[in-house]
Structure formats: C-alpha cells, structure tokens
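Have a look at the structure below before the remarks.
Read-outs throughout are calculated quantities, based only on the coordinates presented, and are distinct from any laboratory measurement. Please read these numbers as outputs of a predicted model, since none were measured by experiment. Note that we place each Cβ from the backbone using ideal geometry, even for glycine, and neighbour counts take in every protein chain shown.
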Amino acid sequence: MSLTRFAVSLVVVSAALGACAKPPSHLGANSQVAPHAYQATDYTITNSILMASKPVTDQPMPERIFSSGHLAGRTLAVASTTDIILHPGEVILTFDDGPRPGKTPAILDTLDQFGVKATFLMLGRAAAANPKLAGSVALAGHTVGSHTYDHADLSGMTRQEALDDIAMGERAISAALAESGQKLSPFFRFPYLSQTGFLRTNLMMGNMVVLDVDIDSKDYYSETSDQVAARTMARLEARGSGIILFHDIHQRTVDMLPSFLAQLEQKGYKVVRLVPKDTGVFGRDVITADAPTPGGAL
C-alpha cells in the first residue's frame, strides 16, 4: 500500500470508529442474551464516517432526480471505504445478519419488484446453515459481504481472536456462495459497529471495504413496521442521502420495505448499487487469519 493510501486510512480511522448499532452497556461481550434481543433504549450509538449532508430542503436538487420515476440509480464501484461518496437524494440499502429463511426471500422479492439492488452483510453461521439461500442473494445481482461468523462484539476480544472471527465468517460465506458459483465481495461491517482502530486499519490495509452506517433504521426494536418506516424516512429526509441499515431477519422489516421503497420512489430518491471496483475480490483471497472452523469443517 502506498504512503498516501496508508495516510488516508489513518485519517478515516481517526474520523470514524463506528456506524452501526452498539449494544447497550449492560450487554457486554460475555452476555448470554441473543443478538438483537435487547430492548429499545437510548443507549444505541450511531455514527458515520462522513459528516451528515444538509437537509434535502436546503440542498439544490439535481435535475436527474426528477427526470425519471424509476427508483434504481447508478452503480457505484469502489475500492475503499473513502470511495463511497453519495450525491443528494442517493441511498445505499444494506441488510445485516442474514440470510434467514422466510425473511430474506421476501425481501429479495420486494427489491426485485422495485428493480433495485442492495448489499447483504451475512453472518458466516447463517450462510453456512443456508448455502442455497445465500447463493440466491448473489444470483439475484445483489452484493454479498461479511459480518463475522457469529455476530460477536469484536472490541471485547483480543486482536487475534477478532481477526480469527472475521476470517471464519469470510470462509463460511465464501464456501456457501461457491455452491452456486458465486463469490464473496470484500465488504465488511462490524457487529454493533463496535471496532478498534487496529481492526479497522488492518482490514482496510487488506483491501477490505468497511461499511459504516448513516441512517440506522433500528428495525431490531420491538416496534411496528410503520414506526420503523417513519423513523427511517425522517432521518433520511434530515440527512439527504446515505447508507441505510436494515436487517433481513425481522418480519417488521419484511412488512415495511414495500411502503418504504414506494416512499423513496415518490420523493425522487435513487437507490445506488454498491459493487467492488475490480472483478472478483480485488485480486485478494478470503483473509487467512488462523481461524478454527466450528465442528472441524464448514
């Protein structure tokens, strides 16, 4: 990596350590509560790698937003996190923690109806349990990245344990996708957006693209689908653009997605498709930290 690229990585690290949802403080790394089982509180921390845009009402709207009623926007090919720059009125849809039978297929159907593509950050455990479903996501033209093996809080692990968990997740998802002839993309999101400067820099120097979050739907709260949609839209309207976090494991997300996408279309937003800049995985293999495999095999 060049000195310039390394310097940029360090600036990004210092500017943003997080973007997803951190579990409340009473749920530490050793908690026995299942992921996303916690109740809605004010302890959720959401950050972003970039400063928020001005409200849509304060920005000059490009004519392109009004030139078509179609929701699908441009394809953005990126080689690093810093390449993800959105124009006013553009969003990237991301779904964490899947794939989940009964939920992910319904979300795929909705995305197909609106003609848009999303990025799915899968858990290695879930992909290994549902390889055909994982493959169907990639076969439908969506981007598949990783989200560790079992959704652990990496900031509570040693450096080697965290790298091993990331590697285990990548290997499991890669193996699941291979059954359908598909490949894993180098996009990664930290569980709970909980990270360290060492881990973020290590991944970025390894040509992984760390995805942050601009708009957290908080669809893991026990609320109605209408509440989730209203909150997400309000935050988007205040910001003007950004990466939206959903989870393809909740029925409320399945239920709210059609109306939410219809609102996006009505308001003139465009859904940007996120893909790697180069073919394959930037010429890199799945990361090779010495991670043990559960049960001896994937």
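Overview of values
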{"read-out": "P(r) histogram, all alpha-carbon pairs of the range 60-166 included - 10 Å bins from 0, percent", "value": "12, 36, 32, 15, 5, 0"}
{"read-out": "Whole-angstrom gap from the range 234-257 to the range 80-118, using each part's C-alpha centre", "value": "10"}
{"read-out": "Gain upon complete extension [R74, T158; 0.36 nm per residue less C-alpha separation]", "value": "26.3 nm"}
{"read-out": "Net lengthening on full extension, D278/K132 (0.36 nm per residue, minus Cα-Cα)", "value": "50.0 nm"}
{"read-out": "Nearest-0.05 FRET efficiency for T196 and D109, computed from C-beta distance (R0 45 Å)", "value": "0.75"}
{"read-out": "Contour minus Cα-Cα distance for E237 and A178 (0.36 nm per residue)", "value": "17.3 nm"}
{"read-out": "Cut-off 13 Å between beta-carbons: net charge of the residues surrounding F120, Lys and Arg +1, Asp and Glu -1", "value": "+2"}
